[in-house]
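Structure record follows, encoded as structure tokens.
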Amino acid sequence: MPDVDSTAHSLSFVAGREDREVLDALGHRDRPEGPFTMFDFVELGTAPLDLAGWLVSKAARGASLIAASGPGGVGKTSTMRVLADFAPAAMPYVIASRDSIDAMDGAPHCVICHEISSHDLDGYLWDQDLRDLLALQADGHMVTSTMHINTMEEGSEQLLGVNKIPEDHFQAVNLFVFVRIEGEDMTVGRINNPEGQRFISEVAYSDGSAPHRTVYTRDGGFIDAPRDEGFEAECRRFLTAGRPSA
């Protein structure tokens, strides 16, 4: 798996990638302004600039991640996408499926799973397919996905318990990014509130060798998070310099 705390780094953005159309499968293709980006997240208050810079600094190193919320309609897929936008340029995008997992040739990719779920839909993985997806991390692949969970405990139950994911493959998912909508009940099945204030409420982190721990909360800010101040500052400058064009 990539060393997401390494001092070696480079920052790339999806606008300059020839394979950026792969991300169009992640929805919001008909949004007049285009898909949400981390620039939008900062402007809309979904992620404060310091958190946005930190998350980008990890995604840019190939951190595997899961965007999570209990209900549908909160912004899991958008959150996954805005971070996948910053996947290392050397990692081609590929949508996860049984066929694409089997076809992996060893070169590191950014493998995008629409959702970790038992629903029988394209891009949704569960059971053996999910185990094989997360096993790719051991070969240096970056895996991104979404889950209907509100806590790490729920994530552990689904991944370690129900799906029998090996502990090391679970810990290789470096980031769990939890998203909420202000004032909404997060225990319902779906929220229909497109104008509601979305925000990243919590981030849990593992370097791949230890259990996940909370490193950020909306109320408390960063909590003993691994930092690279120089690279994070570069990421913040990028996010405040204006949106690059394709």
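Numbers below:
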item: Unmet criterion (only one of (1) touching a residue at least 24 places away in the same chain (Cβ under 8 Å); (2) of a type outside the set (S, T, N, Q); (3) at negative phi; (4) buried (at least 16 other Cβ atoms within 10 Å of the Cβ)) for V215; result: (1)
item: Segments classed as helices (runs of 4 or more DSSP H), wholly inside segment 16-112, with at least 3 members that are surrounded by 17 or more Cβ atoms within 10 Å (Cβ to Cβ); result: 38-44, 49-59, 76-84
item: Long-range neighbours under 9 Å by Cβ, at least six apart or interchain, first residue under 15 Å from L65 (Cα atoms) within segment 133-158, second assigned to a helix (DSSP H, G or I) and β-branched (V, I, T); result: L133/I101; A135/I101; L136/I101; T146/T77; T146/T79
item: For E153: the one exception among (1) within 22 Å of F222 (Cα to Cα); (2) in contact with a Ser or Thr (Cβ under 8 Å, 6 or more places away or on another chain); (3) not hydrophobic (A, V, I, L, M, F, W, C); result: (2)
item: Pick from segment 196-246, criterion basic (K, R) and touching a Gly at 6+ places or on another chain (Cβ under 6 Å), ranking: nearest to R180 (Cα to Cα); result: R198
item: Which listed residue is over 21 Å from F176 (Cβ atoms) and in contact (Cβ under 8 Å) with a residue 60 or more places away in the chain, from L55, L11, L83, L26; result: L11
item: Every residue from segment 10-54 that is hydroxyl-bearing (S, T, Y) and more than 20 Å from E232 (Cβ to Cβ); result: none
item: Options L133, L121; residue that is buried (at least 18 other Cβ atoms within 10 Å of the Cβ), more than 14 Å from the chain's Cα centre (by Cα) and not hydroxyl-bearing (S, T, Y); result: L133
item: Strands (runs of 3 or more DSSP E) wholly inside segment 142-246 that include at least 2 residues being closer than 26 Å to D122 by Cβ; result: 142-147, 175-181
item: Pairs with Cβ under 6 Å, 6+ apart, first in segment 32-46 and touching a residue at least 24 places away in the same chain (Cβ under 8 Å), second not hydrophobic (A, V, I, L, M, F, W, C); result: P35/H28; F36/S78; F39/R243; T46/R198
item: Residue in segment 160-169 that is within 26 Å of W54 (Cβ to Cβ) and in contact with a strand residue (DSSP E or B) (Cβ under 9 Å, 6 or more places away or on another chain) present; result: no
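Quick note: the coordinates plus some simple rules give every number you see, no bench work behind them. Since we're looking at a predicted model, the values are computed, not measured. All Cβ positions, even for glycine, are placed from backbone atoms using ideal geometry, and neighbour counts span all protein chains on display.
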